[in-house]
Amino acid sequence: MKTQTRIAVFLITTNILMLLLFGLAIYYFLYNYSYTDFYKRLETRASITAEYNFGVKNKNSESYKQIRKEILEKLSEEKEYIFPVNNEKDIEKASQKSGLPLGFLNDIFKNKKANLQIDDTFFSGIRHQNTDAEEHLVIVSAKNYYASNHLLFLRNIILIAVLLVFVVVSYISFYFSKHIFDPIKKITDKVKEISTDNIHLRIPEVGNDKEINQLVITLNDLLNRLETAFETQKNFVSNASHEFGTPLTSIMGEAEVMLMKKRTVEEYEISLQSILSQAERLNEITQSLLYLSYTGYANKKGLFEITRVDEALMHTKEMYDKVNPKNHIQLDFSLLPENPLKLKIIGNKQLLYLAFSNILSNACKYSNNKPVTVSLASTEGQLVIMVKDQGIGIPEEDLKFIFDPFFRASNTAHFDGHGIGLPLTRNIIKMHEGQLGISSKEGEGTVVKITFPLANLPLNYGLMKS
Amino acid sequence: MTKTILIPTDFTVRSLQVLSEVLSNAPFIRHKIILLYGEQPSDSITEMLFFRKEKVIRDKYKPEFTEALEMIKNRFESRIESLVVDMISQNSRSALVEYLNNQGVAEIFVHGNLKLKTPGNAFDFTQNLKYCNIPVTSVTLEQHSFAFSEISGNFSFAYN
């Protein structure tokens, strides 16, 4: 069943059910009330009848009769019965004479009053004792016009009302359920229009419908990410072919030039040297790519152990000092926590060295070996590393692409590199459930903030080990 | 040896630099630190009714402030006996004197050349401190810990 129909049916059923319950309750309670009320009325009439028949004083009985006639409404088929009774025999006699059931008369005699209904006719009787101590049964009977006619009328009204409401509610429900999905249909139509060719299109937000707008925002967000992914893929292909192409072209050019004519051994050697260095560069790129894809899969976790980050940083600096002795990396431990437990994370040392050396070498490379500060601190649950350089910075428009493989910022033309380091670092940090943030101002420098969750170790961890 | 010190704060990382500086220059002393903030409660009767000091302070915390505070706590763990962030809600000399005496403050450290930020109902009570008969030391900051100033920077994260 369509959701639309389902909503309509649900609305109709609940509404009609409630209305029916309401109508039935009204009818039922009024029905009950009308009967009790009618017996009460009959009983009153019986006592008045008794009063004026065996009244206190004969003088008053006439006026009683008068008042009753004038004030009390005549009931339909109203009848009065008066039987003098002194013993059981009299009751039997009265029963035979009037045709009233013996049980009813006995009830009145025993309980001083009783009610009875035969078909449409209602009976109410009382036992009355006059001034001379003579017992009488006074019975008044009448048809309940109110119950038979008014209640019927009420029932018809309720039935007609339910029918009418059913029609109106059905119409409204179907209309409502049809149109409540209008905005969603519009969104669906709009999304269908968007393909890979026009992925820049977005869904317009609608009026002030909060839920629908939430959906639109979510979809637009998704489209944004898709667009970025497409962009990244395009960039990747063009950048990768460029990165692989450059050394290949120079290898091919070199070889072609050499093969044009006979050369001396020295010339061949120089040429082969150049070819070798280009091939090495190619190999380097392939290696980094392999690393990138290796770290891209979280399931290949490798060896993760408790690692002290300050040691890892110092080790990285030592290694990097050998590669680039001119660097000015300063390790700032002014905020180093006193408790060594707050320096330990669960990590893979080799991968961490790789990530740190990437960040450090970038900082030194893009600042031409100006001072680079590395600070280490820890908060309640996190370890924070800040690397600050005074380099060329990253243009703002490039900032969102810097984690894409092979992407290189627009101001890096004079620097050697192939755009794999940062995505690799990001993957490594992601494997460690950390975060990598970059804040940069072009021309002023870059700050890299890396956070790792601290290893959750017991307080006496160091003691236990020793 | 334990010493109670007070440092005015406006919930910026900058104001915490004073604390970091003070602690780094005072080894072998355990400090009871009070970071004091001044804000007048609102005039609105409903806000007065539901005024809670703890909530006002908690609402003032920014992520970078929390981060920097935790860093300091970790860095100087052995020099900190206790650290509380408190507030006074009356900008008067007598209230301040009363507060300082009640807390048993031994020394007050203020930022040498910076004034507290006072947005909204907040007030700067530092000018009243010199009338309190408690030594007030003005701390000049060295550029020793750059990390602080960078914490509040605008980072674009690789993923969230």
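Over chain A, what is the relative contact order in percent, taking alpha-carbon pairs closer than 8 angstrom and at least six residues apart? Let's see the in-between values first.
Details: 576 pairs, mean separation 50.8, N = 466.
Averaging sequence separation for qualifying contacts and normalising by length gives 11 percent for chain A.
Phi angles of region A:4-11 translate, via the Karplus equation with coefficients 6.51, -1.76, 1.60 and θ = phi - 60°, into HN-Hα couplings of 4, 5, 4, 4, 4, 4, 4, 4 Hz per residue; Gly and Pro are given as x. Nonpolar atom fraction for region A:3-153, defined as the carbon and sulfur part of the 1.4 Å probe accessible area, stands at 56 percent. Summing both sides, how much accessible area is buried between B and A? Use a 1.4 Å probe and give Å² to the nearest 100. Buried area (both sides, nearest 100 Å²): 2500 Å². Axis of helix A:102-111 versus longest Cα principal axis of chain A: the two differ by about 80°, to the nearest ten degrees. Couplings 3J(HN,Hα) for region A:331-347, derived from phi with the Karplus relation 6.51 cos²θ - 1.76 cosθ + 1.60 (θ = phi - 60°), are 8, 9, 9, 5, 10, 4, x, 5, 7, x, 4, 7, 10, 9, 10, 8, x Hz, where x marks Gly and Pro. All Cα-Cα separations within chain A were binned at 20 Å from zero, giving a P(r) of 15, 24, 16, 12, 12, 15, 5, 1, 0, each value a whole percent of the pairs.
Return one number: the angle in degrees, 0 to 90 and rounded to the nearest 10, between the long axis of the Cα atoms of helix A:309-323 and the longest principal axis of the Cα atoms of chain A. With rounding to tens, the tilt is 30 degrees.
Counted over the protein assembly as shown, the DSSP beta bridges are approximately 65% antiparallel.
The alpha-carbon of A:Lys65 sits under 19 angstrom from the alpha-carbons of these aspartates and glutamates, leaving out residues fewer than 8 places away in its chain: A:Glu43, A:Glu51, A:Glu73, A:Glu77, A:Glu78, A:Glu80. Expressed as a whole percent, the accessible surface of region A:228-296 that belongs to carbon and sulfur atoms is 64, based on a 1.4 Å probe.
For a straight C-alpha distance cut-off of 19 angstrom, the aspartates and glutamates reachable from A:Lys2 (same-chain residues fewer than eight places away being disregarded) are A:Asp182, A:Asp189. Taken per residue, the accessible surface of chain A reaches 60 Å², heavy atoms only and a 1.4 Å probe.
Rounded to a whole number, what % of the accessible area of region B:1-147 do carbon and sulfur atoms account for, probe 1.4 Å? Don't jump to the answer; show the numbers that get you there.
On the way: 3810 of 7660 Å².
C and S fraction of accessible area: 50 percent.
The helix-only estimate of mean residue ellipticity at 222 nm for chain A, built from DSSP H runs of length n ≥ 4 each weighted as -39500 (n - 2.57), is -19500 deg cm²/dmol after division by the residue total. Of the residues in region A:333-370, those shielded by at least 10 Å² of accessible area once partner protein chains are present, compared with the chain alone at a 1.4 Å probe, are A:Ser334, A:Leu335, A:Leu336, A:Pro337, A:Glu338, A:Asn339, A:Lys342. Sequence-distant or interchain residues sharing an amide H contact under 5 Å with B:Asp10, placed H: which? Placed amide hydrogens put B:Ser15 under 5 Å from B:Asp10. The trypsin sites (Lys or Arg not before Pro) of region B:1-64 that DSSP puts in a loop, and whose beta carbon has at most 15 other beta carbons within 10 Å, are B:Arg52. The longest part of chain A holding none of the exposed loop GluC sites (Glu not before Pro), meaning those outside H, G, I, E and B in DSSP with at most 16 other Cβ atoms within 10 Å, is A:206-337. Let's test the formula: R0 of 25 Å, r as the Cβ-Cβ distance of A:His179 and A:Leu20. What FRET efficiency results, to the nearest 0.05? About 0.40, to the nearest 0.05. Rounding to the nearest 10 and keeping the result within 0 to 90°, find how far the Cα-based axis of helix A:88-98 lies from the longest principal axis of chain A. The two axes meet at around 80 degrees.
In this structure, the residue pairs whose Cα-Cα separation is over 28 Å, taken from A:Lys326/B:Lys73; A:Lys449/B:Lys53; A:Lys69/A:Lys110; A:Lys317/B:Lys60; B:Lys53/B:Lys117, are A:Lys326/B:Lys73; A:Lys449/B:Lys53; A:Lys69/A:Lys110; A:Lys317/B:Lys60.
Taken about its Cα centre, the protein assembly as shown carries a charge dipole of about 1280 debye when Lys and Arg each add +1 at the Cβ and Asp and Glu each add -1 at the Cβ.
Between the listed residues A:Ile203, A:Asn324, A:Ile385, the Cα displaced farthest toward the positive end of the dipole of chain A, a dipole computed from Cβ unit charges relative to the Cα centre, is found at A:Ile203. With contributions of -39500 (n - 2.57) from each DSSP H run of at least four residues, the per-residue ellipticity at 222 nm computed over chain B stands at -10000 deg cm²/dmol.
The values are calculated or read from the model by the stated rules, or taken from the named source; none is laboratory data. Computed from a predicted model, the values in this text were never measured in an experiment. Heads up, the Cβs are rebuilt from the backbone with ideal geometry, glycines too, and the neighbour counts pull from every protein chain shown. Accessible surface areas use protein heavy atoms only, side chains included; no ligands, DNA or RNA. Shrake-Rupley method; radii C 1.70, N 1.55, O 1.52, S 1.80 Å.
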